[in-house]
Amino acid sequence: MNVFDIIGPVMIGPSSSHTAGAVRIGRVVNKLMDGQTPEKLEIVLSGSFAQTYRGHGTDRALLAGIMGFRSDSAEIRDALEIAKERGISYEFIKRDIPGAHPNTARITYTLADGSTGSAQAASVGGGNIRVDLINGMKVDFSGESNTLLVMHLDRPGVIAAVTTLMRWEYADLNICNFHLSREQRGGNAIMTIEIDNMPPETLIEDVRKLDHVTNAMLIRRL
Amino acid sequence: MLKYQSIQELVSAAEERGLKISELVMLDQAEAMEQTPEEIYERMRRSFEVMRESVAEGQKKDLRSMSGLTGGEGYLMKQYAESTNGGLCGDFLSKAIARALAVAGCNAAMGRIVAAPTAGSCGILPGCLVSLHEDRGIPERDIVMSIFTAGAFGMVIAANSSIAGAQGGCQAECGSAAGMAAASLVEVMGGTPSQCGDACAIAIANQLGLVCDPVAGLVEIPCIKRNVSGLMIAFSSADLALAGVGPKIPVDECVDAMREVGNALPAALKETAGGGLATTPTGVKLRKQVFGK
Ligand code: SF4
């Protein structure tokens with residue numbers, strides 16, 4: 001956390017947790033999709049999000065973020081209309097997610113090529129967020145640091161391959177948080193690596209080339 | 001490097017080094033964010049500029065919220081302050097009230113604001129600081145610097161309690177904002193670091209238990225006017241601290257108390273619009289007016 005998380009964000013109102021935080025949750029999904037426009041979105045709203053989303057423009061804010069807008073973009077007000085213009089079909093579902101933070105959204109997208117993905121995140125106050133699930137797997141990051149997500153198969157040596165690559169090819173990168181989660185032994189797994197400094201784009205390409213890595217993405221400080 | 005784990009830590013570190021809290025925090029944050037102090041000063045100056053723009057936007061006559069429930073408060077109060085030569089509160093305070101209303105109204109109208117610490121409480125810091133700048137002639141640099149003190153106090157409050165209405169009630173939003181603003185005011189007026197902590201303690205203590213009960217779940221009623229009470233408490237707490245009327249409970253204990261009270265509040269009074277003003281007959285009627293059910 002830094003001083004601009006408290007004095008900030010500069011944002012479009014009315015609610016830091018329901019509007020600005022929601023834009024940031026949407027932006028995580030935008031990065032997951034690599035900036036592509038989804039065909040279909042299913043957005044589950046839980047807790048306080050479910051009860052008050054319309055009046056805070058939470059629906060507009062989530063869509064705006066998914067389309068890549070920022071929390072101080074004037075387009076947030078018109079995000080429902082912009083999404084329609086772009087041919088995105090979306091559905092908001094009110095459903096309690098047991099054990100989730102009161103302001104939680106779970107977003108599932110489908111791209112034109114039929115591929116899907118999902119993210120679940122909570123807006124934890126002051127426009128700050130915490131991402132809890134990516135593609136159904138547990139993660140834990142805030143978007144306050146640059147975050148490298150590595151999707152891979154659970155095989156011995158994959159973590160070492162990633163950190164060794166970083167150690168020798170990107171020596172000035174400093175990892176400030178590391179989290180691993182997997183579906184089952186030998187199945188799909190995901191590494192969440194938060195990094196203090198900004199990694200160059202080539203890191204992603206290099207990580208993708210490693211054995212057993214199925215995908216990698218960088219979520220820059222939101 | 002500062003840890004932002006207690007306000008006492010900030011006060012002691014500033015006193016040991018003979019710096020203002022804001023100077024200490026700016027240097028520390030520059031290091032933590034790997035930027036120069038000038039760069040982060042400039043970013044804070046830009047935030048203050050947005051605050052001034054929100055005051056101007058929110059004092060427009062025909063400004064209305066998205067729901068139509070509120071609007072025009074900043075304009076009306078400004079007119080009143082000018083035409084009555086300051087009403088009951090006097091020229092300086094009544095204009096400050098108008099500014100706090102204006103920024104909160106700008107927010108409700110989906111205008112651009114600086115969350116400080118949240119959008120619901122975004123009028124308190126600008127109401128205090130834009131007033132000191134424009135009506136008392138305090139130089140911009142002093143004002144901008146003092147926001148670092150407010151921000152640092154907010155970081156401690158966020159870590160040890162909460163700044164979200166959904167978690168801690170309105171004491172966590174408007175209460176924190178008032179505590180942060182009070183610390184800024186003391187610093188601008190030449191108070192010591194420990195008086196900054198005192199002012200924050202008094203402001204928080206005076207809003208303990210304040211519930212979050214927004215009508216129709218919107219950040220409008222009572223939020224817009226709570227920015228005014230937060231501002232008044234910030235000014236009076238700063239004056240008390242500067243006068244040497246310190247708090248009896250130290251500031252970090254007040255923050256802990258806020259967390260405990262927040263935990264004890266039922267969910268109905270934490271932003272879910274399930275109690276308080278939100279479920280009064282009129283609150284319910286207004287909700288139906290907006291959402292039709
Ligand atoms: S009542 Fe709730 S929504 Fe309104 S300002 Fe207070 S904490 Fe924020």
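The values are calculated or read from the model by the stated rules, or taken from the named source; none is laboratory data. Since the model is a prediction, treat every value here as computed from it, not as a measurement. Please note: Cβ atoms are built from the backbone with ideal geometry, for glycine as well, and neighbour counts cover all protein chains shown. These accessible areas exclude ligands, DNA and RNA; they are computed on the full protein's heavy atoms, side chains included. Shrake-Rupley method; radii C 1.70, N 1.55, O 1.52, S 1.80 Å.
General observations
- Helix B:91-108 and the long axis of chain B differ in direction by around 70°, with both axes built from C-alpha atoms.
- Value at 222 nm in deg cm²/dmol, rounded to 500, when DSSP H runs of n ≥ 4 in chain A each add -39,500 (n - 2.57): -7500 deg cm²/dmol
- Remark: the B:GLN289-B:ALA30 segment gains 88.4 nm on full extension, using 0.36 nm per residue and subtracting the alpha carbon distance.
- Helix A:21-32 and the long axis of chain A differ in direction by around 40°, with both axes built from C-alpha atoms.
- Placing a label point 7 Å from the Cα of A:THR202 along the Cα-to-Cβ line, the residues of the range A:124-166 whose backbone N sits under 16 Å from it are A:165-166.
- Overall Cα dimensions of the range A:146-219, principal axis frame, Å, largest first: 32, 20, 17
- The Kirkwood hydrodynamic radius of the range A:92-168, based on inverse pair distances between different Cα atoms, is 14.8 Å.
- Nitroxide proxy distance, nm - points 7 Å out along Cα→Cβ at B:TYR80 and A:GLU42: 5.2 nm
- Dipole-positive endmost among A:THR58, A:SER48, A:ASN135 within the range A:3-135 (Cβ charges, Cα centre): A:SER48
- Computed from Cα positions, the angle between helix B:7-17 and the longest principal axis of chain B comes to roughly 30 degrees.
- For the range A:33-65 and the range A:93-171, distance of Cα centres in Å: 17 Å
- Number of partner chain Cβ atoms within 10 Å, mean per residue of B:151-164: 4
- Among the protein heavy atoms, those of B:TYR75 account for about 60 Å² of accessible surface (1.4 Å probe, every chain in place).
- Pairwise alpha-carbon distances in the range A:61-197 exceed 24 Å for 43% of all pairs.
- Residue by residue along A:47-57, Cβ atoms of other protein chains within 10 Å of the local Cβ number 6 on average.
- Heavy-atom accessible area, probed at 1.4 angstrom with all protein chains present, ranks A:THR147, A:THR214 as A:THR214, A:THR147, highest first.
- Candidate residues A:ASP34, A:ASP154, A:ASP5, B:ASP135: accessible-area rank, largest first, probe 1.4 Å: A:ASP34, B:ASP135, A:ASP154, A:ASP5
- The figure for B:GLU53 is an accessible area of roughly 90 square angstrom, using a 1.4 Å probe on the protein chains alone.
- Straight-distance candidates among the lysines for linking to B:LYS285, with alpha-carbon spacing under 28 Å and chain neighbours fewer than 8 residues away dropped: A:LYS94, B:LYS60, B:LYS61, B:LYS225, B:LYS270, B:LYS293.
- Two-decimal log10 I(q)/I(0) for chain B, as the Debye equation yields it once each C-alpha is a single scatterer, q = 0.09, 0.10, 0.12 Å⁻¹: -0.40, -0.50, -0.72
- Using the average count of surrounding beta-carbon atoms within 10 Å as a protection proxy, the listed peptides B:249-256, B:101-108 rank, highest first, as B:101-108, B:249-256.
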